[in-house]
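**Student:** Got a structure here, written out as structure tokens. Questions coming.
Every read-out reported here was derived from the displayed coordinates using simple, explicitly stated rules and does not represent laboratory data. What you see is a predicted model, and the numbers here were worked out from it, not measured in a lab. Because the Cβ atoms are built from the backbone with ideal geometry, glycine has one as well, and the counts that use them run over all protein chains shown.
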């Protein structure tokens, strides 16, 4: 039995809080506790907002999908943004929950960790199993 499922979706230009960004048209209905953001590239989007698109040499990718489902993520979630510093800054300025942010200049990666009290007993058990009993105190 395969545990890997491929999912394809088109990328659209849209807005988040009146700021131009991109969203996948259709994303899997899952609740990840680890997100690795290293795409899409700036040339993949369709459409524009008032003439603005990421499909220009002076633009950069600006994925906002995480912002749309942020409040479904559980405490302990880790987001790694590989490169894409402008996108990481966009996320940092728009995320609303208690995210701890660290930028590794050496590896050109950004790390966001959702540091909040567990939602309940099952989330608490998950955190203790994956991150340790003292995770929230660190």
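**Student:** Could you tell me whether residue 83 is at positive phi, in contact (Cβ under 8 Å) with a residue 24 or more places away in the chain and surrounded by 17 or more Cβ atoms within 10 Å (Cβ to Cβ)? Show your work before the answer.
**Tutor:** On the way: at positive phi: yes; in contact (Cβ under 8 Å) with a residue 24 or more places away in the chain: yes; surrounded by 17 or more Cβ atoms within 10 Å (Cβ to Cβ): no.
No.
**Student:** Please determine, by comparing only the residues of the range 13-25 that are without any contact (Cβ under 8 Å) to a residue 60 or more places away in the chain and surrounded by 13 or more Cβ atoms within 10 Å (Cβ to Cβ), which one is nearest to residue 84 (Cα to Cα).
**Tutor:** We begin by selecting, within the range 13-25, every residue without any contact (Cβ under 8 Å) to a residue 60 or more places away in the chain; these are 13-15, 18, 20, 22-25.
Okay, now just the ones that are also surrounded by 13 or more Cβ atoms within 10 Å (Cβ to Cβ), so 13-15, 20, 22-24.
Working: 13: 17, 14: 18, 15: 18, 20: 16, 22: 14, 23: 16, 24: 17 Å.
The extreme case among them is 22.
**Student:** Residue check: is residue 28 surrounded by 12 or more Cβ atoms within 10 Å (Cβ to Cβ) and either more than 16 Å from residue 66 (Cβ to Cβ) or in contact (Cβ under 8 Å) with a residue 12 or more places away in the chain (or both)? If you could, list the steps in order and put the result at the bottom.
**Tutor:** Working: surrounded by 12 or more Cβ atoms within 10 Å (Cβ to Cβ): no; either more than 16 Å from residue 66 (Cβ to Cβ) or in contact (Cβ under 8 Å) with a residue 12 or more places away in the chain (or both): yes.
Taking the combined requirement at face value, the residue does not satisfy it.
**Student:** Next up: Determine if the range 31-39 includes at least one residue that is crowded, with 16+ Cβ neighbours inside 10 Å and touching a helix residue (DSSP H, G or I) at 6+ places or on another chain (Cβ under 8 Å). So that I can check it myself, show each step before the final result.
**Tutor:** Step one: of the range 31-39, the residues crowded, with 16+ Cβ neighbours inside 10 Å are 33, 37.
Next cut, touching a helix residue (DSSP H, G or I) at 6+ places or on another chain (Cβ under 8 Å) only: 33, 37.
Scanning the range 31-39, I find at least one residue that is crowded, with 16+ Cβ neighbours inside 10 Å and touching a helix residue (DSSP H, G or I) at 6+ places or on another chain (Cβ under 8 Å), so the answer is yes.
**Student:** Here is a follow-up. Look through 71, 56 and report the one residue that is over 30 Å from residue 137 (Cα atoms) and surrounded by fewer than 14 Cβ atoms within 10 Å (Cβ to Cβ).
**Tutor:** 56
**Student:** Among the residues in the range 98-108, are any free of Cβ contacts under 8 Å to residues at least 40 places away in the same chain, surrounded by fewer than 16 Cβ atoms within 10 Å (Cβ to Cβ), more than 29 Å from residue 131 (Cα to Cα) and touching a strand residue (DSSP E or B) at 6+ places or on another chain (Cβ under 9 Å)?
**Tutor:** Scanning the range 98-108, I find no residue that is free of Cβ contacts under 8 Å to residues at least 40 places away in the same chain, surrounded by fewer than 16 Cβ atoms within 10 Å (Cβ to Cβ), more than 29 Å from residue 131 (Cα to Cα) and touching a strand residue (DSSP E or B) at 6+ places or on another chain (Cβ under 9 Å), so the answer is no.
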